[in-house]
Amino acid sequence: MSEKSLARSYLELTRIHKFPLGSDLLIWPSVWGLLLAAHNHQVDTKSLVVQHVWFALGSTLVHCAACVINDICDRHLDGKVERTRNRPLVTGLISVFNASVFLVALTGLAVYLLSYATNPTAFNWGLIGVFPFHAFYPLMKRVTYWPQAWLGFAMNWGMLVSYLNNTGGQMDSHILVLLLGTVAWTILYDTIYAFQDIQDDIKVGNKSTAILFGEDNAKSILCGFGLVFLASLFYTGIQNNQGASFFLISFGGALLHVLWQLGTWVVYNGDDCGSKFRANGDLGGIIWFGLFVDYCFKSGTIAA
């Protein structure tokens, strides 16, 4: 194997060749937490910018490590699923041993960065996101039809970490409400994602909310989860004393995006499922932008 093909295989193992796809869904909640904390707590603007970089990098490393452990656990099943049958561990381009060493290196780097960039309280909470949430996620599809709920905690845990890092370790109840709301958001977008593989998953015995809900009921059920997510966002905006920019851009944009997603989603069209899943990265950016504009108004960066 050439160096180039080996390097490409490791890129595919971590999905970094598709960046920001996947990583963005960890990054956005993390940086939401920064701006939510900065709205009511004294946070130096320079520190806020630097933390955006650290949390984006850390989230990307965690996502890469999560993809590696997922492929190690699923290597015997991925070959039976059309979309995943050419992954490096399935084809033998990377050995399980080498993937495991790579996983340890990625996880170690992520934990080191977490220890460097956070206070002790945030660091301890961050470890929970790595283990058990990300570590055990690949096993959830074997034991429950709700792996997307477990994934929701893994994907959005960084919001708590970044929030705690800027509040002196103080946890406010509305952030926990928003965490539950983002779990509902993850169930929404990852159920859509799971419909790409639903027939193969049924054959190999994987479980998912897509299988549990079924084609006929999925849209109506996901409307409920979308409503929970939007309600948590609105509630958090009120409790966190957010301004008009948040409600207009973040909440209003999220509302329109969820309506568009579910209103135009074609359930058994794999291409449309993939497209709708990817679009949730845009939704995360919309929410961040509203928080950013609100922060700029409150800090005086933009004159009211």
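The values are calculated or read from the model by the stated rules, or taken from the named source; none is laboratory data. Predicted, not measured: the structure shown is a model, and the values here were computed from it. Ideal geometry is used to build each Cβ from the backbone, glycine not excepted, and the neighbour counts take in all protein chains shown. For accessibility, only protein heavy atoms count, side chains too; no ligands or nucleic acids. Shrake-Rupley method; radii C 1.70, N 1.55, O 1.52, S 1.80 Å.
Would you say GLY129 is of a type in the set (Gly, Ala, Ser) and closer than 30 Å to SER47 by Cβ?
Taking the combined requirement at face value, the residue satisfies it.
Report the residue count in the stretch 110-121 for those that are surrounded by fewer than 22 Cβ atoms within 10 Å (Cβ to Cβ) and within 13 Å of PHE55 (Cβ to Cβ).
3
If a residue counts only when it is open to solvent by 20 Å² or more (accessible area, probe 1.4 Å) and in contact (Cβ under 8 Å) with a residue 40 or more places away in the chain, which helices (runs of 4 or more DSSP H) contained entirely in the stretch 191-304 have at least 3 such residues?
It comes to 198-204, 209-239, 270-299.
Mind listing just one residue for me: the one in the stretch 4-32 that is among the polar types (S, T, N, Q) and over 12 Å from the mean Cα position of the chain (by Cα) and, of those, nearest to ALA154 (Cα to Cα)?
Taking the candidates together, the pick is THR14.
Sort through SER250, SER245 and tell me the only one that's farther than 21 Å from ILE192 by Cα and under 20 Å from the mean Cα position of the chain (by Cα).
SER250
If you check every pair at least six apart or on different chains, which have Cβ atoms under 7 Å apart with a residue in the stretch 102-116 that is closer than 15 Å to GLY129 by Cα first and a residue that is open to solvent by 60 Å² or more (accessible area, probe 1.4 Å) second?
LEU113/TRP54; LEU113/LEU57
From the list VAL31, VAL49, pick out the single residue that is β-branched (Val, Ile, Thr), open to solvent by 60 Å² or more (accessible area, probe 1.4 Å) and at pLDDT 95 or above.
One residue alone meets the criteria, VAL49.
Before we move on, is HIS63 within 25 Å of TYR137 (Cβ to Cβ) and modelled with pLDDT under 95?
So HIS63 fails the test.
Considering only the stretch 94-109, state which residues are surrounded by fewer than 18 Cβ atoms within 10 Å (Cβ to Cβ) and not in a helix (DSSP H, G or I).
SER95
Is it fair to say ILE128 is part of a helix (DSSP H, G or I) and buried (at least 19 other Cβ atoms within 10 Å of the Cβ)?
Criteria not met by ILE128.
If you go through the stretch 131-163, how many residues are open to solvent by less than 60 Å² (accessible area, probe 1.4 Å) and closer than 17 Å to THR182 by Cα?
So the count comes out to 19.
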